[in-house]
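These notes concern the structure reproduced below.
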């Protein structure tokens, strides 16, 4: 007589931690996609606006080409499930939304729209990498 023993151990806490890693990594990668698209769409005069566009999360921030502590860096979010992409350059909103004297040249909002199509792919890739041991 043959018997098979199936050993299953509860790994709920490990799975929760892995899920949080997937979310954190994925939203940061999505932010980098938005940042790249925004830099490609930003109108350039001096290059300051394009160079100041950064992505920031609780524990990571891309570096603008300006020195650390520069007025051109954006703040970091407080929530670990939040990523900010933008610019601290004072005239950024005037370019994005326009003024009475100049028309809008949006670069952030269209970048977010373009990145929406890549979110599921990024999440799936990171999920597969993180949970590969469970997907045998």
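The values are calculated or read from the model by the stated rules, or taken from the named source; none is laboratory data. Only a predicted model underlies this, so the values are computations on that prediction, with no experimental measurement involved. Cβ: placed from backbone, ideal geometry, glycine included. Neighbour counts: every protein chain shown.
For region 76-103, what are the residues that are over 14 Å from residue 42 (Cα atoms) and within 14 Å of the chain's Cα centre (by Cα)? Within region 76-103, 76, 77, 79, 80, 81, 82, 83, 84 qualify.
Being free of Cβ contacts under 8 Å to residues at least 24 places away in the same chain and touching a strand residue (DSSP E or B) at 6+ places or on another chain (Cβ under 8 Å) is the filter here; which residues of region 25-64 pass it? Listed by number, the residues that qualify are 61, 63, 64. Restricted to helices (runs of 4 or more DSSP H) entirely inside region 84-136, those with at least 1 residues that are surrounded by fewer than 11 Cβ atoms within 10 Å (Cβ to Cβ) and at pLDDT 90 or above are 119-130.
Inside region 37-61, residues that are touching a helix residue (DSSP H, G or I) at 6+ places or on another chain (Cβ under 9 Å) and loosely packed, with under 14 Cβ neighbours inside 10 Å make up a count of 4.
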